[in-house]
Amino acid sequence: MMWNELGFRDNPYSPKPIQANDEGLELLVGRDTELRKLITYIKSSDTHPTLEGPNGVGKTSLVAVAGYKLLSEFINGSGPAFIPLESSFQLTSDDSLQSFKQKVLFAVAQSFVKNYELLKDRGYSVPDLESINQWLNSPLFHLNGATGSAFGFGGGVTHSTTPNSGIGFTESGFTSTIQLWLKECFPSKSSGAFICIIDNLELLETSRSARELLEAIRDELLNINGLRWVLCGARGIIRSSASSPRLQGVLADPIDVVPIKDSDAEIALTKRLVAYSMENANAPVEAEGFKHIYQIGNRNLRNALKYCEDFAFWAYLDDTIPTSQKDKLELIEAWMSVMADKYEQDTKGVGNRAWKVFDDLIVLGGSASPSDYESFGYESQQAMRPQLKLLEDANLIESAIDETDKRRRTILVSSRGWIVNYKRSGFKVKELIETV
(Lines give C-alpha, C1' and ligand atoms only; values in the text may rest on other atoms or scores of the structure.)
Protein backbone atom coordinates (compact mmCIF):
# COMPACT_ATOMS: atom_id res chain seq x y z
CA MET A 1 0.00 0.00 0.00
CA MET A 2 1.19 3.49 -0.85
CA TRP A 3 0.80 4.79 2.69
CA ASN A 4 2.90 1.95 4.11
CA GLU A 5 5.65 2.75 1.63
CA LEU A 6 5.58 6.36 2.81
CA GLY A 7 5.87 5.22 6.43
CA PHE A 8 2.22 5.46 7.54
CA ARG A 9 -0.10 2.74 8.79
CA ASP A 10 -3.04 4.37 6.99
CA ASN A 11 -4.10 7.50 5.13
CA PRO A 12 -3.34 10.55 7.35
CA TYR A 13 -5.29 12.81 4.98
CA SER A 14 -8.54 10.87 5.05
CA PRO A 15 -11.45 13.34 4.72
CA LYS A 16 -13.75 11.01 6.63
CA PRO A 17 -15.06 12.21 10.02
CA ILE A 18 -12.95 11.56 13.10
CA GLN A 19 -13.78 8.27 14.80
CA ALA A 20 -15.37 8.04 18.24
CA ASN A 21 -12.35 6.67 20.14
CA ASP A 22 -9.25 7.78 22.03
CA GLU A 23 -7.47 8.64 18.80
CA GLY A 24 -10.40 10.73 17.63
CA LEU A 25 -10.37 12.59 20.94
CA GLU A 26 -6.71 13.42 20.37
CA LEU A 27 -7.23 14.46 16.74
CA LEU A 28 -10.09 16.87 17.42
CA VAL A 29 -8.29 20.22 17.55
CA GLY A 30 -9.61 23.73 18.03
CA ARG A 31 -13.03 22.65 19.25
CA ASP A 32 -12.75 22.92 23.05
CA THR A 33 -15.45 25.58 23.35
CA GLU A 34 -17.94 23.85 21.05
CA LEU A 35 -17.25 20.46 22.64
CA ARG A 36 -17.87 21.75 26.15
CA LYS A 37 -21.03 23.54 25.05
CA LEU A 38 -22.42 20.48 23.26
CA ILE A 39 -21.73 18.14 26.17
CA THR A 40 -23.32 20.60 28.60
CA TYR A 41 -26.47 20.81 26.48
CA ILE A 42 -26.72 17.03 26.19
CA LYS A 43 -26.36 16.58 29.93
CA SER A 44 -28.35 19.50 31.25
CA SER A 45 -30.75 21.11 28.77
CA ASP A 46 -34.43 20.30 28.39
CA THR A 47 -34.06 21.05 24.67
CA HIS A 48 -32.16 19.00 22.12
CA PRO A 49 -28.86 20.59 21.00
CA THR A 50 -28.33 21.54 17.36
CA LEU A 51 -25.23 22.35 15.32
CA GLU A 52 -25.08 24.74 12.38
CA GLY A 53 -22.04 25.20 10.16
CA PRO A 54 -20.69 24.93 6.61
CA ASN A 55 -20.34 21.53 4.95
CA GLY A 56 -16.94 20.04 5.74
CA VAL A 57 -16.32 22.16 8.83
CA GLY A 58 -16.24 19.15 11.17
CA LYS A 59 -19.70 18.94 12.77
CA THR A 60 -19.90 15.15 12.51
CA SER A 61 -16.47 14.73 14.11
CA LEU A 62 -17.45 17.08 16.93
CA VAL A 63 -20.62 15.12 17.74
CA ALA A 64 -18.77 11.79 17.55
CA VAL A 65 -16.13 12.90 20.04
CA ALA A 66 -18.75 14.43 22.35
CA GLY A 67 -20.63 11.13 22.42
CA TYR A 68 -17.42 9.20 23.03
CA LYS A 69 -16.47 11.45 25.97
CA LEU A 70 -19.89 11.00 27.55
CA LEU A 71 -19.80 7.22 27.07
CA SER A 72 -16.28 7.09 28.53
CA GLU A 73 -17.44 9.01 31.60
CA PHE A 74 -20.22 6.48 32.11
CA ILE A 75 -17.89 3.51 31.67
CA ASN A 76 -15.42 5.04 34.14
CA GLY A 77 -18.17 5.64 36.67
CA SER A 78 -17.89 9.44 36.57
CA GLY A 79 -21.11 10.25 34.72
CA PRO A 80 -24.64 9.06 33.89
CA ALA A 81 -25.47 6.68 31.06
CA PHE A 82 -25.30 8.82 27.93
CA ILE A 83 -24.77 6.24 25.19
CA PRO A 84 -24.57 7.17 21.47
CA LEU A 85 -26.41 4.93 19.04
CA GLU A 86 -24.01 3.11 16.74
CA SER A 87 -24.99 5.03 13.60
CA SER A 88 -26.39 8.47 12.88
CA PHE A 89 -29.59 9.10 10.91
CA GLN A 90 -30.33 11.20 7.86
CA LEU A 91 -33.69 12.62 6.93
CA THR A 92 -34.49 12.79 3.24
CA SER A 93 -37.57 13.86 1.33
CA ASP A 94 -38.27 10.15 0.70
CA ASP A 95 -38.63 9.45 4.43
CA SER A 96 -42.04 9.07 5.99
CA LEU A 97 -42.67 9.48 9.68
CA GLN A 98 -43.21 5.77 10.12
CA SER A 99 -40.19 4.58 8.13
CA PHE A 100 -37.90 6.95 10.02
CA LYS A 101 -39.45 6.03 13.36
CA GLN A 102 -38.94 2.35 12.61
CA LYS A 103 -35.25 2.88 11.88
CA VAL A 104 -34.76 4.78 15.11
CA LEU A 105 -36.57 2.33 17.36
CA PHE A 106 -34.84 -0.63 15.77
CA ALA A 107 -31.47 1.07 16.47
CA VAL A 108 -32.53 1.69 20.08
CA ALA A 109 -33.37 -2.00 20.50
CA GLN A 110 -29.96 -2.93 19.09
CA SER A 111 -28.28 -0.51 21.49
CA PHE A 112 -30.07 -2.12 24.43
CA VAL A 113 -28.54 -5.43 23.34
CA LYS A 114 -25.05 -4.02 22.78
CA ASN A 115 -24.96 -2.20 26.12
CA TYR A 116 -26.96 -4.71 28.14
CA GLU A 117 -24.15 -5.84 30.45
CA LEU A 118 -22.81 -2.33 30.95
CA LEU A 119 -26.21 -0.93 31.91
CA LYS A 120 -27.07 -3.91 34.09
CA ASP A 121 -23.75 -3.76 35.95
CA ARG A 122 -24.39 -0.08 36.72
CA GLY A 123 -27.79 -0.88 38.24
CA TYR A 124 -29.95 0.28 35.33
CA SER A 125 -33.23 -1.51 34.59
CA VAL A 126 -32.90 -3.26 31.21
CA PRO A 127 -35.32 -5.49 29.27
CA ASP A 128 -34.84 -9.22 28.91
CA LEU A 129 -31.85 -9.74 26.62
CA GLU A 130 -32.82 -13.13 25.21
CA SER A 131 -36.26 -11.94 24.13
CA ILE A 132 -34.85 -8.84 22.42
CA ASN A 133 -32.24 -10.90 20.58
CA GLN A 134 -34.79 -13.44 19.44
CA TRP A 135 -37.00 -10.71 18.03
CA LEU A 136 -34.22 -8.71 16.35
CA ASN A 137 -32.84 -11.82 14.64
CA SER A 138 -36.21 -13.18 13.61
CA PRO A 139 -37.23 -13.10 9.94
CA LEU A 140 -40.65 -12.05 11.23
CA PHE A 141 -39.22 -8.56 11.71
CA HIS A 142 -39.11 -8.14 7.97
CA LEU A 143 -42.64 -9.37 7.31
CA ASN A 144 -44.67 -9.04 10.48
CA GLY A 145 -45.86 -6.60 13.07
CA ALA A 146 -45.50 -7.38 16.76
CA THR A 147 -48.33 -7.46 19.26
CA GLY A 148 -48.45 -5.08 22.18
CA SER A 149 -46.98 -7.44 24.77
CA ALA A 150 -44.04 -8.96 22.93
CA PHE A 151 -40.27 -8.57 23.43
CA GLY A 152 -39.90 -10.11 26.87
CA PHE A 153 -43.15 -8.81 28.29
CA GLY A 154 -45.33 -11.72 27.14
CA GLY A 155 -47.47 -12.05 24.02
CA GLY A 156 -46.49 -12.97 20.46
CA VAL A 157 -46.55 -11.76 16.89
CA THR A 158 -49.28 -11.37 14.34
CA HIS A 159 -48.75 -12.22 10.71
CA SER A 160 -49.24 -9.45 8.19
CA THR A 161 -48.41 -8.81 4.57
CA THR A 162 -47.66 -5.19 5.49
CA PRO A 163 -43.96 -4.45 6.00
CA ASN A 164 -42.91 -2.95 9.32
CA SER A 165 -42.59 0.47 7.67
CA GLY A 166 -46.33 0.48 7.11
CA ILE A 167 -49.42 0.75 9.24
CA GLY A 168 -49.00 -2.76 10.64
CA PHE A 169 -45.83 -1.67 12.37
CA THR A 170 -47.39 1.58 13.57
CA GLU A 171 -50.27 -0.21 15.25
CA SER A 172 -48.05 -2.83 16.87
CA GLY A 173 -46.91 -2.63 20.42
CA PHE A 174 -43.30 -2.11 19.47
CA THR A 175 -43.41 1.65 19.96
CA SER A 176 -45.01 1.44 23.39
CA THR A 177 -42.63 -1.37 24.34
CA ILE A 178 -39.53 0.63 23.42
CA GLN A 179 -40.92 3.61 25.32
CA LEU A 180 -41.46 1.40 28.35
CA TRP A 181 -37.87 0.12 28.17
CA LEU A 182 -36.57 3.67 27.93
CA LYS A 183 -38.72 4.93 30.78
CA GLU A 184 -37.64 2.12 33.08
CA CYS A 185 -33.97 2.37 32.10
CA PHE A 186 -33.81 6.18 32.23
CA PRO A 187 -36.44 7.27 34.77
CA SER A 188 -35.15 10.85 34.85
CA LYS A 189 -33.09 13.17 32.63
CA SER A 190 -30.22 12.97 35.09
CA SER A 191 -29.98 9.19 34.68
CA GLY A 192 -28.92 9.53 31.03
CA ALA A 193 -30.25 8.59 27.61
CA PHE A 194 -29.37 7.13 24.25
CA ILE A 195 -27.88 9.84 22.04
CA CYS A 196 -29.48 9.96 18.57
CA ILE A 197 -27.90 12.05 15.81
CA ILE A 198 -29.61 13.44 12.73
CA ASP A 199 -26.85 14.56 10.37
CA ASN A 200 -26.82 16.48 7.08
CA LEU A 201 -30.29 17.97 7.41
CA GLU A 202 -29.49 20.17 4.42
CA LEU A 203 -30.11 17.09 2.25
CA LEU A 204 -33.79 17.90 2.59
CA GLU A 205 -33.09 20.79 0.17
CA THR A 206 -35.50 23.29 1.73
CA SER A 207 -36.15 24.44 5.26
CA ARG A 208 -39.87 23.77 4.75
CA SER A 209 -39.19 20.05 4.20
CA ALA A 210 -36.93 19.93 7.24
CA ARG A 211 -39.43 21.79 9.38
CA GLU A 212 -42.35 19.59 8.34
CA LEU A 213 -40.50 16.34 9.04
CA LEU A 214 -39.09 17.57 12.34
CA GLU A 215 -42.52 18.77 13.41
CA ALA A 216 -43.91 15.37 12.45
CA ILE A 217 -41.41 13.51 14.64
CA ARG A 218 -41.65 15.99 17.52
CA ASP A 219 -44.14 14.05 19.62
CA GLU A 220 -43.32 10.67 18.10
CA LEU A 221 -39.55 10.76 18.75
CA LEU A 222 -38.18 14.08 19.98
CA ASN A 223 -40.28 13.93 23.14
CA ILE A 224 -39.64 10.27 23.97
CA ASN A 225 -38.11 9.83 27.42
CA GLY A 226 -34.59 8.38 27.32
CA LEU A 227 -33.60 9.76 23.90
CA ARG A 228 -31.34 12.80 23.52
CA TRP A 229 -31.15 14.15 19.99
CA VAL A 230 -28.39 16.14 18.30
CA LEU A 231 -29.29 17.73 14.96
CA CYS A 232 -26.64 18.90 12.48
CA GLY A 233 -27.06 20.91 9.31
CA ALA A 234 -25.63 23.49 6.95
CA ARG A 235 -26.92 26.40 4.85
CA GLY A 236 -29.05 27.84 7.67
CA ILE A 237 -31.47 24.92 7.65
CA ILE A 238 -31.15 24.26 11.39
CA ARG A 239 -31.72 27.87 12.37
CA SER A 240 -34.79 28.10 10.14
CA SER A 241 -36.26 24.83 11.39
CA ALA A 242 -35.60 25.51 15.07
CA SER A 243 -37.54 28.78 14.79
CA SER A 244 -40.77 26.93 14.03
CA PRO A 245 -43.40 27.58 16.74
CA ARG A 246 -43.93 23.84 17.17
CA LEU A 247 -40.21 23.22 17.65
CA GLN A 248 -39.43 26.12 19.96
CA GLY A 249 -38.79 24.68 23.38
CA VAL A 250 -37.90 21.34 21.77
CA LEU A 251 -34.78 22.30 19.80
CA ALA A 252 -32.08 24.56 21.23
CA ASP A 253 -30.68 27.49 19.29
CA PRO A 254 -27.84 26.23 17.07
CA ILE A 255 -24.26 26.01 18.25
CA ASP A 256 -22.33 27.73 15.47
CA VAL A 257 -19.46 25.59 14.21
CA VAL A 258 -17.06 27.82 12.28
CA PRO A 259 -13.75 26.89 10.59
CA ILE A 260 -10.89 26.29 13.02
CA LYS A 261 -8.01 28.78 13.07
CA ASP A 262 -5.10 28.38 10.66
CA SER A 263 -2.79 27.63 13.58
CA ASP A 264 -5.15 24.91 14.83
CA ALA A 265 -5.33 23.45 11.32
CA GLU A 266 -1.54 23.07 11.34
CA ILE A 267 -1.69 21.38 14.76
CA ALA A 268 -4.50 19.09 13.60
CA LEU A 269 -2.49 17.93 10.58
CA THR A 270 0.66 17.43 12.66
CA LYS A 271 -1.27 15.27 15.13
CA ARG A 272 -2.60 13.17 12.28
CA LEU A 273 0.88 12.60 10.90
CA VAL A 274 2.18 11.58 14.34
CA ALA A 275 -0.79 9.28 15.00
CA TYR A 276 -0.49 7.50 11.64
CA SER A 277 3.29 7.40 11.21
CA MET A 278 5.26 4.18 11.61
CA GLU A 279 8.97 4.43 10.82
CA ASN A 280 10.91 6.85 8.60
CA ALA A 281 7.67 8.47 7.48
CA ASN A 282 7.86 11.00 4.66
CA ALA A 283 4.63 13.02 4.58
CA PRO A 284 3.83 14.47 1.14
CA VAL A 285 2.03 17.38 2.86
CA GLU A 286 3.31 18.75 6.15
CA ALA A 287 1.81 21.40 8.44
CA GLU A 288 2.84 24.48 6.45
CA GLY A 289 1.67 23.00 3.16
CA PHE A 290 -1.61 21.97 4.73
CA LYS A 291 -2.15 25.50 6.01
CA HIS A 292 -1.63 26.79 2.45
CA ILE A 293 -4.21 24.37 1.01
CA TYR A 294 -6.59 25.08 3.89
CA GLN A 295 -6.47 28.82 3.20
CA ILE A 296 -6.99 28.42 -0.55
CA GLY A 297 -10.19 26.44 0.03
CA ASN A 298 -11.65 29.03 2.42
CA ARG A 299 -10.78 26.91 5.43
CA ASN A 300 -12.93 23.89 4.68
CA LEU A 301 -11.24 21.11 6.62
CA ARG A 302 -12.73 18.21 4.68
CA ASN A 303 -11.87 19.69 1.30
CA ALA A 304 -8.33 20.56 2.45
CA LEU A 305 -7.72 16.97 3.49
CA LYS A 306 -9.13 15.73 0.18
CA TYR A 307 -6.75 17.96 -1.79
CA CYS A 308 -3.86 16.76 0.37
CA GLU A 309 -4.83 13.20 -0.51
CA ASP A 310 -5.05 14.08 -4.21
CA PHE A 311 -1.63 15.73 -4.10
CA ALA A 312 -0.13 12.76 -2.27
CA PHE A 313 -1.35 10.34 -4.95
CA TRP A 314 -0.08 12.60 -7.73
CA ALA A 315 3.36 13.04 -6.16
CA TYR A 316 3.69 9.33 -5.34
CA LEU A 317 2.71 8.15 -8.82
CA ASP A 318 5.03 10.74 -10.36
CA ASP A 319 7.89 9.72 -8.01
CA THR A 320 8.33 13.38 -7.03
CA ILE A 321 7.87 13.47 -3.25
CA PRO A 322 10.68 15.66 -1.85
CA THR A 323 12.16 15.19 1.60
CA SER A 324 12.69 18.81 2.67
CA GLN A 325 9.79 20.94 3.93
CA LYS A 326 10.75 23.83 1.64
CA ASP A 327 10.73 21.65 -1.48
CA LYS A 328 7.41 20.09 -0.49
CA LEU A 329 5.77 23.48 -0.07
CA GLU A 330 7.06 24.66 -3.45
CA LEU A 331 5.76 21.51 -5.14
CA ILE A 332 2.35 21.92 -3.45
CA GLU A 333 2.13 25.53 -4.64
CA ALA A 334 3.02 24.45 -8.19
CA TRP A 335 0.46 21.65 -8.13
CA MET A 336 -2.28 23.91 -6.81
CA SER A 337 -1.48 26.44 -9.54
CA VAL A 338 -1.82 23.76 -12.22
CA MET A 339 -5.14 22.63 -10.70
CA ALA A 340 -6.39 26.22 -10.61
CA ASP A 341 -5.41 26.74 -14.28
CA LYS A 342 -7.19 23.55 -15.26
CA TYR A 343 -10.37 24.42 -13.38
CA GLU A 344 -10.44 27.93 -14.84
CA GLN A 345 -10.13 26.53 -18.37
CA ASP A 346 -13.31 24.56 -17.73
CA THR A 347 -15.29 27.78 -17.20
CA LYS A 348 -15.38 29.04 -20.79
CA GLY A 349 -19.15 29.55 -20.72
CA VAL A 350 -18.97 32.05 -17.86
CA GLY A 351 -19.27 35.65 -19.08
CA ASN A 352 -18.20 38.92 -17.52
CA ARG A 353 -21.50 39.53 -15.75
CA ALA A 354 -21.39 36.10 -14.12
CA TRP A 355 -17.75 36.63 -13.11
CA LYS A 356 -18.80 39.90 -11.49
CA VAL A 357 -21.37 38.02 -9.40
CA PHE A 358 -18.73 35.42 -8.53
CA ASP A 359 -16.17 38.04 -7.45
CA ASP A 360 -18.78 39.87 -5.37
CA LEU A 361 -19.73 36.59 -3.73
CA ILE A 362 -16.08 36.03 -2.80
CA VAL A 363 -15.98 39.50 -1.19
CA LEU A 364 -19.04 38.53 0.87
CA GLY A 365 -17.13 35.51 2.19
CA GLY A 366 -18.41 32.97 -0.32
CA SER A 367 -21.95 32.79 1.00
CA ALA A 368 -25.09 34.83 0.36
CA SER A 369 -28.84 34.62 -0.08
CA PRO A 370 -30.87 35.19 -3.24
CA SER A 371 -32.55 38.03 -1.36
CA ASP A 372 -29.17 39.84 -1.32
CA TYR A 373 -29.55 40.61 -5.04
CA GLU A 374 -29.13 44.35 -4.48
CA SER A 375 -25.63 43.72 -3.13
CA PHE A 376 -24.80 42.26 -6.55
CA GLY A 377 -26.25 45.22 -8.45
CA TYR A 378 -29.54 43.59 -9.51
CA GLU A 379 -33.11 44.80 -9.14
CA SER A 380 -34.60 41.39 -8.39
CA GLN A 381 -33.74 37.76 -7.71
CA GLN A 382 -35.11 36.83 -11.12
CA ALA A 383 -32.68 39.19 -12.85
CA MET A 384 -29.70 37.61 -11.08
CA ARG A 385 -30.68 33.98 -11.60
CA PRO A 386 -29.24 33.55 -15.15
CA GLN A 387 -25.77 34.49 -13.86
CA LEU A 388 -26.12 32.10 -10.93
CA LYS A 389 -27.14 29.37 -13.38
CA LEU A 390 -23.95 29.92 -15.41
CA LEU A 391 -21.80 29.77 -12.28
CA GLU A 392 -23.56 26.67 -11.06
CA ASP A 393 -23.21 24.92 -14.42
CA ALA A 394 -19.46 25.64 -14.25
CA ASN A 395 -19.35 24.09 -10.75
CA LEU A 396 -18.15 27.37 -9.27
CA ILE A 397 -21.07 27.71 -6.86
CA GLU A 398 -23.62 25.50 -5.16
CA SER A 399 -27.15 26.79 -5.06
CA ALA A 400 -30.16 25.54 -3.16
CA ILE A 401 -32.68 28.34 -3.49
CA ASP A 402 -35.45 28.01 -0.92
CA GLU A 403 -38.47 30.02 -1.97
CA THR A 404 -40.07 29.47 1.44
CA ASP A 405 -37.33 31.13 3.48
CA LYS A 406 -35.52 34.16 2.11
CA ARG A 407 -33.30 34.40 5.18
CA ARG A 408 -31.28 31.32 4.40
CA ARG A 409 -27.84 31.61 2.86
CA THR A 410 -28.26 29.37 -0.10
CA ILE A 411 -25.58 30.48 -2.57
CA LEU A 412 -22.15 29.06 -1.74
CA VAL A 413 -18.81 29.10 -3.53
CA SER A 414 -17.87 25.49 -4.23
CA SER A 415 -14.55 23.81 -3.49
CA ARG A 416 -13.62 24.15 -7.17
CA GLY A 417 -14.74 27.77 -7.09
CA TRP A 418 -12.31 28.64 -4.31
CA ILE A 419 -9.43 27.17 -6.28
CA VAL A 420 -10.44 29.17 -9.36
CA ASN A 421 -10.55 32.25 -7.15
CA TYR A 422 -6.98 31.42 -6.10
CA LYS A 423 -5.97 31.74 -9.76
CA ARG A 424 -8.06 34.87 -10.39
CA SER A 425 -6.62 36.60 -7.33
CA GLY A 426 -3.05 36.15 -8.58
CA PHE A 427 -2.36 32.99 -6.56
CA LYS A 428 -2.83 34.76 -3.26
CA VAL A 429 -4.64 33.35 -0.26
CA LYS A 430 -7.07 35.34 1.79
CA GLU A 431 -5.61 36.33 5.12
CA LEU A 432 -7.68 35.61 8.22
CA ILE A 433 -7.55 37.78 11.32
CA GLU A 434 -7.65 35.21 14.09
CA THR A 435 -9.31 36.17 17.33
CA VAL A 436 -9.44 34.27 20.55
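The values are calculated or read from the model by the stated rules, or taken from the named source; none is laboratory data. It should be emphasised that the depicted structure is a prediction, and the values quoted were computed from it without experimental measurement. Virtual Cβ from ideal backbone geometry, glycine too; neighbours counted across all protein chains shown. With ligands, DNA and RNA removed, areas are computed over all heavy atoms of the protein, side chains included. Shrake-Rupley method; radii C 1.70, N 1.55, O 1.52, S 1.80 Å.
Couple of notes before you dig in:
- Theoretical gain in end-to-end length, GLN325 to SER176 [0.36 nm per residue, Cα-Cα removed]: 47.5 nm
- Potential extension, GLN248-LYS428 segment - 0.36 nm per residue separation minus Cα distance: 60.4 nm
- Net lengthening on full extension, ASP219/ILE75 (0.36 nm per residue, minus Cα-Cα): 48.8 nm
- With every protein chain in place, the chain: carbon and sulfur % of accessible area (1.4 Å): 49 percent
- For a straight C-alpha distance cut-off of 18 angstrom, the lysines reachable from LYS342 (same-chain residues fewer than eight places away being disregarded) are LYS306, LYS423, LYS428.
- Cα Rg, Dmax (largest Cα-Cα span) when computed across segment 268-385, Å: 18.8, 62
- Share of Cα-Cα pairs in the chain lying beyond 29 Å, as whole percent: 55 percent
- Average accessible surface area per residue within the chain, 1.4 Å rolling probe, Å²: 47 Å²
- Whole-number D in µm²/s for segment 41-93 (Stokes-Einstein; Kirkwood sum over Cα pairs; 20 °C, 1.002 mPa s): 169 µm²/s
- Equivalent ellipsoid dimensions for segment 241-307 as semi-axes, Å, which come from the Cα gyration tensor, largest first: 36, 14, 9
- Estimated Rh, segment 1-148: Kirkwood, alpha-carbon pairs, angstrom: 18.3 Å
- Cα long-axis angle, helix 207-217 against the chain (0 to 90 degrees, to the nearest 10): 20 degrees
- More than 15 angstrom apart: percent of Cα pairs within segment 171-261: 64 percent
- Around THR50: net Lys/Arg minus Asp/Glu count, Cβ-Cβ under 11 Å: -1
- Remark: segment 1-98 carries a charge dipole of roughly 240 debye about the Cα centre, counting +1 on each Lys and Arg Cβ and -1 on each Asp and Glu Cβ.
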